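Every number in this text was worked out from the coordinates using simple rules, so none of it is lab data. Quantities reported herein were computed from a predicted structural model and do not represent experimental measurements. For neighbour counting, all protein chains shown are included, and Cβ atoms are generated from backbone atoms with ideal geometry for every residue, glycine included.
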Amino acid sequence: MIKVNLGCGKRNFGPDWTHIDGSNYPHVQYHNIIDLPFKENSVDIIYASHVFEYFNREEGKDVLYKWKSFLKKDGILRLAVPNFAQYAKLYSENKISLDQCVGPLYGKWNMTKDKVIYHKTTYDFISIKKILNEVGFKNIQLWDYNHVEHSHIDDYSKSYIPHMDKNGSLMSLNIQAIK
């Protein structure tokens, strides 16, 4: 089974996963998160947590087509992105400040000493589902981080306000789609 963690950063899912990221952590095996080192129709799961928003809408659609080409028939694409609807709701209810929204929605990441990347867009469920449909994915639905094989890893798919308070508001939009 081929399982790929794209944009993994420091999070190591273990030896059953291929870790791909622009940074140089010891567990990272490849650095190009678009042109994957696999044959077309060979990957079972592609997981991308809080990396897809670094592409603008047009780039994102092209990236999804590319990722889809690597997935097997009925392969799983699992995405996690900042949930614009949740940030907007809590902000409009005066439960969080603008400063608490800016980082997750418009964040930047120092990948290397010479390369800084920025979030280029944000999504709600309706907007990302529309793009996934256009690319040809099916069975688009939310996924629960408690019921996936990587549930033991604390990553941004488990992002809450207040921070780390699992009784608070989940701020990650976790979407799964099938090829």
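Compute the separation of the alpha-carbon centres of region 115-177 and region 50-91 and state it in Å as a whole number.
Using only Cα atoms, the two centres lie 8 Å from each other.
Helix 57-70 versus the longest principal axis of the chain: what angle, 0 to 90°, nearest 10, using Cα atoms?
With rounding to tens, the tilt is 40 degrees.
Taking amide H positions as placed 1.01 Å from N in the peptide plane, with prolines and chain starts having none, which residues 5 or more places from residue 96, or on another chain, fall under 5 Å of its amide H?
91
Hey, if you put +1 on the Cβ of every Lys and Arg and -1 on every Asp and Glu Cβ in region 45-179, which of 102, 70, 175 ends up farthest toward the positive end of that dipole?
Value computed over the given set: 70.
Could you pull out every one of the lysines with an alpha carbon less than 24 Å from that of residue 68, ignoring same-chain neighbours closer than 8 positions?
Within the straight-line limit of under 24 Å, residue 68 reaches these lysines: 3, 39, 120, 129, 130, 138, 179.
On average, how much area does the Cα convex hull of region 27-119 cover when viewed from any direction, in nm²?
On the way: hull surface 31.0 nm².
Across all orientations, region 27-119 yields a mean hull projection of 7.8 nm².
Each residue of region 157-165 in order: what ³J(HN,Hα) in whole Hz does its phi give by Karplus 6.51 cos²θ - 1.76 cosθ + 1.60, θ = phi - 60°, with x for Gly and Pro?
Taking θ as phi minus 60°, the curve returns 5, 10, 6, 10, 10, x, 3, 6, 9 Hz for region 157-165.
Kindly rank 20-26, 106-112 from highest to lowest mean number of other beta carbons found within 10 Å of each residue.
Packing proxy ranking, top to bottom: 20-26, 106-112.
May I ask you to derive the FRET efficiency for residue 94 and residue 1 from their Cβ-Cβ distance with R0 = 30 Å, giving the value to the nearest 0.05? Each step should come with its number before you reach the end.
Values: r = 46 Å, r/R0 = 1.55.
That gives a FRET efficiency of 0.05.
Residue 173's amide H: which non-local residues (gap 5+, or another chain) put their own amide H closer than 5 Å, with H modeled 1.01 Å from N in plane and none for Pro or chain starts?
Residues meeting the amide H criterion: 81, 83.
Amide H of residue 43 versus every other amide H placed in the peptide plane: which residues, excluding those fewer than 5 positions away on the same chain, fall under 5 Å?
HN-HN under 5 Å from residue 43: 71, 72.
Kirkwood Rh over Cα pairs of the chain into Stokes-Einstein at 4 °C, 1.567 mPa s: D in µm²/s?
Here the translational diffusion coefficient equals 78 µm²/s.
Could you order the peptides 72-85, 31-44 from most to least packed, using the average number of other C-beta atoms within 10 Å per residue? It would help to have the intermediate numbers written out before the result.
Values: 72-85: 19.9, 31-44: 14.2.
Taking the mean over residues of other Cβ atoms within 10 Å, the ranking is 72-85, 31-44.
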